[in-house]
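The values are calculated or read from the model by the stated rules, or taken from the named source; none is laboratory data. Predicted model, so just to flag it, every value in this text is computed and none were measured. Every residue, glycine among them, receives a Cβ derived from its backbone with ideal geometry; neighbour counts consider all protein chains shown.
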Amino acid sequence: MSPSPVRTEPPALPAISRDSLQSRAKDAIVQAILNGLFMPGERVIETKIAEGLMLSRSTVRAAIQALIQEGLLVQVQYRGTIVMPLTAAGAGELETMREALEGLAVRRAVEFATSDEIEELQRRYEAAYAAAGNKDIGLSYRLDLAIHQQLVAMAHHELLAFHFKLIEPKMLLYMAHAGGPFLSQASFERQHRDIVLGIARRDPELAARGLNVHFAEAAGFLVTLFADKEAQAHAGPAG
């Protein structure tokens, strides 16, 4: 048996590009926001993030600028960069944008979804329905989002998927800070069942009616919830 060749030079490893580092920094900031390390309205300080991530300030600055362009961070005069505040008006805008995007997604899913994709949608629906029964709020939010992500994937529309991906962090941020009454299994079923059935049956009218019910209830709930939070904040602590 011949001896193994002796390596005389270190193995060539793929270089980590500046874009790759920026993407990692951006993902880390988003996760910190969603995990509550930075709260809505809180100032985000570039130097502290750079130190925490052990990355250069220029890399973190580029990541922050990207998140400002996407709207998750906001520049405020005299305060600097802050996490997007959560408001009733913002919730309303987000829900109307989702309704437009998902309306297109559902129409295309009825026509273009494969049988495997429809089965995956049904599995996600059943998992989210079970979570609603267990009253696991965090899990329910994640599984609910997974249903809507699948709807978008089933549309087979790259531009639609791109724009939906842009608003996902905002959706998660509102979900993380929503609180409020728990969505019952009956409410979950009413808001999602006909969407899933309509796509499975290739019935665009049933799917569209289901989506209309979903946004009529879900958007109204979210906007009212944050309007109540704003009213409580303005009223101040009870004397």
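Key figures
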read-out	value
Hits in the stretch 177-228 (condition: among the basic types (Lys, Arg) and within 28 Å of residue 90 (Cβ to Cβ))	190, 209
Checking residue 195 against (1) of a type in the set (A, V, I, L, M); (2) more than 17 Å from residue 85 (Cα to Cα); (3) touching a residue at least 24 places away in the same chain (Cβ under 8 Å); (4) out of contact with any His (no Cβ under 7 Å at 6 or more places or on another chain), the condition it does not meet	(4)
Checklist (1) over 24 Å from residue 26 (Cα atoms); (2) over 14 Å from the mean Cα position of the chain (by Cα) applied to residue 140, failing item	(2)
Long-range neighbours under 8 Å by Cβ, at least six apart or interchain, first residue among the charged types (D, E, K, R) within the stretch 20-35, second crowded, with 20+ Cβ neighbours inside 10 Å	26/63; 26/67
Test for residue 149: is it under 20 Å from residue 213 (Cα atoms), without any contact (Cβ under 8 Å) to a residue 24 or more places away in the chain and of a type in the set (S, T, N, Q)	yes
Cross-chain or 6+ apart pairs with Cβ under 7 Å, the stretch 57-81 first and assigned to a helix (DSSP H, G or I), then of a type in the set (Gly, Ala, Ser) and surrounded by 17 or more Cβ atoms within 10 Å (Cβ to Cβ)	57/50; 59/25; 60/25; 60/50; 63/25
Every pair of residues 6+ apart whose Cβ atoms lie under 6 Å, when the first sits in the stretch 102-120 and is of a type in the set (A, V, I, L, M) while the second is assigned to a loop (DSSP other than H, G, I, E, B)	105/155; 109/155; 110/202
Top-ranked residue in the stretch 84-102 [being surrounded by fewer than 16 Cβ atoms within 10 Å (Cβ to Cβ) and not β-branched (Val, Ile, Thr); ranked as nearest to residue 204 (Cα to Cα)]	100
Among residues of the stretch 147-188, those that are at pLDDT 95 or above and assigned to a helix (DSSP H, G or I), counted	15
Qualifying residue in the stretch 207-217 (condition: surrounded by fewer than 15 Cβ atoms within 10 Å (Cβ to Cβ) and modelled with pLDDT of 95 or more)	yes
Residue among 60, 76, 44 that is farther than 21 Å from residue 210 by Cβ, aliphatic (A, V, I, L, M) and loosely packed, with under 14 Cβ neighbours inside 10 Å	76
Failed criterion for residue 109 (all others in (1) modelled with pLDDT under 95; (2) surrounded by 16 or more Cβ atoms within 10 Å (Cβ to Cβ) hold)	(1)
